[in-house]
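The values are calculated or read from the model by the stated rules, or taken from the named source; none is laboratory data. These numbers come from a predicted model, not from an experiment. Cβ placement follows ideal geometry from the backbone for every residue including glycine, while neighbour counts extend to all protein chains displayed.
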Amino acid sequence: MVRALAEAGGDVNKKRVGGVTALMYTAQRLGGTHAAGVMRALIDAGADVDAQDEDGDTALMLASENKGEHGKAMVRVLGDAYIAHATQRATKRRRVKR
């Protein structure tokens, strides 16, 4: 469903009231069996893992409040995405300096 919406031109980074994105909403409200998969699909569709809501919270901060295996799975997905994003930024900076 997420992929279909993104392919149809849906904005995965659109902010709702309070500056909450779909990725943050998933971390905060979904929290069930499918939450990590939904997050993965949002990230694959271009969701900004660094986005902050009006309180300065990121999806990773919100996901870390979830308990149990589902919370751990969300944190792993977001952690992997942060590492990949940071690696991309560092690679771009190195290319610019040359």
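Return the total of residues in the stretch 11-32 being at pLDDT 85 or above and more than 14 Å from the chain's Cα centre (by Cα).
3
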If you scan the stretch 58-92, which residues turn out to be surrounded by fewer than 19 Cβ atoms within 10 Å (Cβ to Cβ) and not in a helix (DSSP H, G or I)?
SER64, GLU65, LYS67
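Tally the residues that are part of a helix (DSSP H, G or I), of a type in the set (A, V, I, L, M) and exposed (fewer than 14 other Cβ atoms within 10 Å of the Cβ), restricting the search to the stretch 1-50. Write out each step before concluding.
Residues of the stretch 1-50 part of a helix (DSSP H, G or I): 2-7, 17-19, 22-30, 35-44.
Still in the list and also of a type in the set (A, V, I, L, M): 2, 4-6, 17, 22-24, 27, 30, 35-36, 38-39, 41-43.
Still in the list and also exposed (fewer than 14 other Cβ atoms within 10 Å of the Cβ): 4, 17.
So the count comes out to 2.
Considering only the stretch 33-47, I want to know if a residue exists there that is more than 13 Å from the chain's Cα centre (by Cα) and of a type in the set (Lys, Arg).
Residues of the stretch 33-47 more than 13 Å from the chain's Cα centre (by Cα): 33-34.
Next cut, of a type in the set (Lys, Arg) only: none.
So far as the stretch 33-47 goes, no, none of its residues is more than 13 Å from the chain's Cα centre (by Cα) and of a type in the set (Lys, Arg).
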